[in-house]
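Everything below concerns the one structure shown next.
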Amino acid sequence: MPKENRDLKKHAYDIIKDRLINCIYEPGSFLNESLLATDLGLSRTPVREAINRLESEGLVKIFPKKGIYVTDIQLKDVLQIFQARLEIEPVALRMAAPHLPLEELQKFQNTFMQEFPDMQNGFRLDTAMHLFIIEYCGNHYIIDMMHKLFDDNTKVVIASKQNLTQIHDARLEHLEIINALIDKEYDKAQELMRAHIETCRYAALNYFYSMDLCSTSTPETYKSHLDKSSII
């Protein structure tokens, strides 16, 4: 494949993937290949190839003669995302902790000491901090897996916020984690990370369970379902 064609395919892939992850193309909606190509100012070939790759990654589903379905967020996906984060991310932090550059930690510390100008910037910084720590764990399998996981995590959190859910403000929790890492209190940082992920998990599940159950459940059964998710 000529380099120019590869570049166009990657360009289309990067833009469409970013819009899918950030819910610009809303979960559960349909896209049109021709309209996508027009919007991106590209021919249909690189767009089609990008969509095929995105389908293999589970972000879209192609339905012939109907369109490109943007994969919806299922409750089981939310459960599995946070199950993986709870099991892996504190361990990755403990592996990374001795290798984290102090200067970068102090930059995050200064940023988290300030109020975020808006929700979107706050969430991007949140994700950047988590991936910064993971990048230093020294295991490329964990790093690759967690990048994929955070793509899905981003989609979950943004979808929840777009639906006007009250998502936990984690700024101070991030600051506590960074402070513990700067002070070389690695066990404390690991436990703070676990508690932070658990709080985020509860906030996300609170939204998705309410959407799934509110029409049929009493408050008692709703709380029961949410509590049971702790052991999944």
- Query: Given a Förster distance of 30 angstrom, what is the FRET efficiency for Leu35 paired with Ala84, based on the Cβ-Cβ distance and rounded to 0.05?
  - Reply: 0.30
- According to the Kirkwood expression over distinct Cα-Cα pairs, how big is the hydrodynamic radius of segment 1-116, in Å? 17.2 Å
- Report the Stokes-Einstein translational diffusion coefficient (µm² s⁻¹, integer) for segment 54-165, Rh taken as the Kirkwood radius over Cα pairs, at 20 °C with viscosity 1.002 mPa s. 134 µm²/s
- Going by accessible area, probe 1.4 Å, with all protein chains left in place, what is the ranking of Phe150, Phe108, Phe63, largest first? Phe63, Phe108, Phe150
- Query: Over 30 Å between Cα atoms, which of Lys9/Lys61; Lys107/Lys155; Lys76/Lys184 qualify?
  - Reply: Lys76/Lys184
- Go through Lys61, Lys184 and list them by solvent-accessible area, largest first, probe radius 1.4 Å. Lys184, Lys61
- Query: So how much accessible area does Val47 have, in Å² to the nearest 10, using a 1.4 Å probe?
  - Reply: 0 Å²
- Query: Can you give the accessible area per residue of segment 11-137, in Å², using a 1.4 Å probe?
  - Reply: 52 Å²
- Query: Using a 1.4 angstrom probe and counting only protein chains, how large is the accessible area of Tyr207 in Å², to 10?
  - Reply: 20 Å²
- Task: Give, as a single signed number, the net charge of other residues whose beta carbon lies under 12 Å from the beta carbon of Ile182, with Lys and Arg counted +1 and Asp and Glu -1.
- Result: -2
- Here the FRET efficiency for Ile24 versus Asp77, based on Cβ atoms and R0 = 22 Å and rounded to 0.05, is 0.70
- Message: If amide hydrogens are placed 1.01 Å from N in the peptide plane, which non-local residues have theirs closer than 5 Å to the one on Leu59?
- Response: none
- Net charge, Asp77 excluded, C-beta distance under 10 Å - Lys, Arg +1, Asp, Glu -1: 0
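The values are calculated or read from the model by the stated rules, or taken from the named source; none is laboratory data. Keep in mind the model is a prediction, meaning the values are calculated, not measured. All Cβ positions, even for glycine, are placed from backbone atoms using ideal geometry, and neighbour counts span all protein chains on display. Note: areas computed on protein heavy atoms with side chains; ligands, DNA, RNA excluded. Shrake-Rupley method; radii C 1.70, N 1.55, O 1.52, S 1.80 Å.
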